[in-house]
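Some notes on the structure that comes next.
The values are calculated or read from the model by the stated rules, or taken from the named source; none is laboratory data. These figures come from a predicted structure and were not determined experimentally. As a convention, Cβ positions derive from the backbone with ideal geometry for all residues, glycine included, and neighbour counts pool all protein chains shown. Surface areas here come from the heavy atoms of the whole protein model, side chains and all, with no ligands, DNA or RNA. Shrake-Rupley method; radii C 1.70, N 1.55, O 1.52, S 1.80 Å.
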Amino acid sequence: MSMPAFGSMMVKPKRKNPVLRTRQMNLPPWGRSRVALGITAAAAEGRFELQVCRDCGAVQYPPREACHVCLSSWLDWREQKGAGTLLATTTLHHSNDLFFRERLPWHLGLVKLDAGPTLMVHLHGEVAAIANASNAALPCKVVVGARLDRAGQAVLIAFPEQGGQPEQGESSMADDKMLREMTCDPKFRKVLVTDGKSAAGQAVVRALAKAGADIIWVGHAEPWIKLPGFDDITALPQVTLVPLDLTNGRSVTELAGEIGGKVDIVINTAEVHRTFGIGARRGTDVARAEMDINYFGLLRLAQEFGPALKGRAADGATSAVAWVNLLSIYALANFPPHGTFSASKAAAYSLSQCLRAEMRPAGIRVINVFPGPIDDEWNQNMPPPKVTPDALANAIVKALRDGVEDVYPGDVAQEWLERWRDNPKVLERELAAGQ
Ligand SMILES: [Zn+2]
């Protein structure tokens with residue numbers, strides 16, 4: 001399969017020859033020490049962090065247990081701007097590693113960060129092109145960012161200084177061959193959105209169409225119910241409606257049999273959300289309905305579509321790449337007024353970690369989305385700020401483009417996350433007191 005030249009806009013890849021056997025996914029090396037996983041933990045949420053010495057301020061690289069200047073053990077992970085100078089470059093034409101061997105030539109460089117350390121980094125195609133065009137181009141200013149590679153481990157990449165790191169949208173920056181290996185850009189890919197009836201599901205469909213998705217299969221469980229907005233998304237040329245009821249194992253199996261071998265990205269937007277705690281309602285019917293979609297629905301979907309995606313992870317420029325779960329910030333700590341819903345999302349969160357572990361060996365990224373209250377009918381009584389469906393959808397597309405693992409859209413989610421990180425027990429007490 002031909003790949004776009006560096007710096008040029010990606011052209012739509014040719015259809016795969018169905019007779020050719022799909023290759024097995026070879027992952028980049030992924031062993032890391034526990035301390036080195038700090039870079040990965042930050043990159044999973046879209047940040048570039050290095051350790052900074054609390055005693056002398058020295059920035060550390062590679063990650064270590066004690067400061068390389070003063071031997072202090074007080075090292076804190078801090079976000080880095082990444083500004084630096086590219087000193088030298090090299091291009092790999094040979095590699096003993098299977099992952100790189102299949103992707104040669106590969107461009108590497110040596111960058112001295114303004115903050116201190118010197119790093120070996122992967123080069124974005126535009127940086128490699130500048131450096132290769134003329135020796136006189138070096139040294140030049142670059143911006144280093146952290147991304148997850150196909151094995152889910154952090155790698156460092158030098159981006160051009162002008163324009164910075166690729167943002168959502170127009171730029172051909174995201175089309176870079178090396179970057180596309182690291183991220184899960186929906187452009188030219190085939191996506192299944194499991195529920196197109198909800199406001200969030202519809203917004204996700206619109207955002208995917210805007211992002212250049214090739215085909216968007218949209219699940220609908222109850223085709224006889226007409227809902228506002230549904231006609232608009234079904235009119236989009238990329239959209240094909242498919243029957244999908246996550247409460248029904250046979251429905252999931254049938255759809256997987258039909259499109260499982262073609263889906264590149266699964267986005268599970270299906271959820272049931274009622275607003276009850278324990279004492280406000282008798283019986284378990286409502287809680288079961290929530291569990292049946294939010295937890296068992298994910299399980300049914302993962303059992304049927306998971307193996308299909310894993311089998312197509314090495315399928316060239318439009319390989320299967322990602323699985324997205326719409327969870328909730330209530331998955332981290334129970335919000336008593338939405339108590340049973342919180343519990344179902346906590347269960348789904350736990351299951352998603354299992355799914356992530358099982359998908360990782362194939363290089364399929366599992367992205368968990370933890371929004372605060374969404375501006376929909378089930379959160380009518382919640383005070384603002386609420387996440388609009390469009391903002392949520394844009395956050396999901398951005399997460400795919402950036403290749404992050406965990407995303408917390410909206411002010412409420414960000415604030416909860418902060419409080420949960422600071423002290424989960426304190427947050428539990430605050431939520432119990434209605435704060
Ligand atoms: Zn120090």
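Using a Förster distance of 35 Å, how high is the FRET efficiency between Q435 and K112, based on the Cβ-Cβ distance and rounded to 0.05? Efficiency, rounded to the nearest 0.05: 0.15. Taking the chain as a Gaussian network of alpha-carbon nodes connected by springs under 10 Å, the highest mean-square fluctuation of the residues Q80, Q414, Q380 belongs to Q380. 7 Å from Cα along Cα→Cβ at both E102 and T234: what's the point-to-point distance in nm? My value for the distance between the label points is 4.0 nm.
Take the Cα of L37, step 7 Å toward its Cβ, do the same at S72, and the gap between the two points is 2.6 nm. A Gaussian network model of the chain, with springs between Cα atoms under 10 Å, assigns the largest mean-square fluctuation among T118, T89, T284 to T284.
Relative contact order for region 304-435: 25 percent, from Cα pairs under 8 Å spaced at least 6 residues apart, divided by residue count. Spacing of the modelled spin labels on I225 and E161, each 7 Å from Cα toward Cβ, amounts to 5.6 nm. With the charge dipole of region 309-435 set up from +1 on Lys and Arg Cβ and -1 on Asp and Glu Cβ about the Cα centre, the Cα lying farthest toward the positive end among the listed residues P424, N334, Y349 is that of Y349.
Counting heavy atoms of the protein chains alone, W420 has an accessible area of about 80 Å² for a 1.4 Å probe. Output the 0 to 90 degree angle, nearest 10, between the alpha-carbon long axis of helix 389-402 and the longest principal axis computed from the alpha carbons of the chain. So the helix axis and the longest Cα principal axis differ by about 30 degrees. Between 0 and 90 degrees, the angle of helix 339-359 with respect to the longest Cα principal axis of the chain falls at about 40 degrees. Simple point charges give the picture: +1 on the Cβ of Lys and Arg, -1 on the Cβ of Asp and Glu, and for the chain a dipole about the Cα centre of about 1060 debye. For the cross-link pairs K14/K187; K12/K190; K112/K141; K310/K345; K190/K310, the ones whose C-alpha atoms lie over 19 Å apart are K310/K345. Placing V155, V69 in order of accessible area, with the largest value first and a 1.4 Å probe, yields V69, V155. Computed extension length for D411-N381: 9.1 nm, one decimal, from 0.36 nm per residue of separation with the Cα-Cα distance subtracted. For I216, the residues whose amide H sits under 5 Å from its own are V191, V239, T240, ignoring neighbours fewer than 5 places away on the same chain, with H placed 1.01 Å from N. To the nearest ten degrees, helix 296-311 and the longest principal axis of the Cα atoms of the chain are 40 degrees apart. The fraction of accessible area contributed by carbon and sulfur in the chain is 53 percent, rounded to a whole number (1.4 Å probe; ligands and nucleic acids excluded). Using R0 = 56 Å, the C-beta based FRET efficiency linking H94 and A280 works out to 0.25.
Accessible surface ranking for S319, S134, 1.4 angstrom probe, highest first: S134, S319.
Computed with a 1.4 Å probe over protein heavy atoms only, the accessible surface of region 310-430 comes to 38 Å² per residue. Relative contact order, whole percent, for region 213-257 stands at 43, derived from Cα pairs under 8 Å and 6 or more residues apart. Each peptide in 91-103, 298-310, 196-208, 135-147 gets a packing score, the mean of other Cβ atoms within 10 Å over its residues, and the list from highest to lowest is 196-208, 298-310, 135-147, 91-103.
Using a cutoff of 8 angstrom between alpha carbon atoms and counting only pairs six or more residues apart, the relative contact order for the chain works out to 15 percent.
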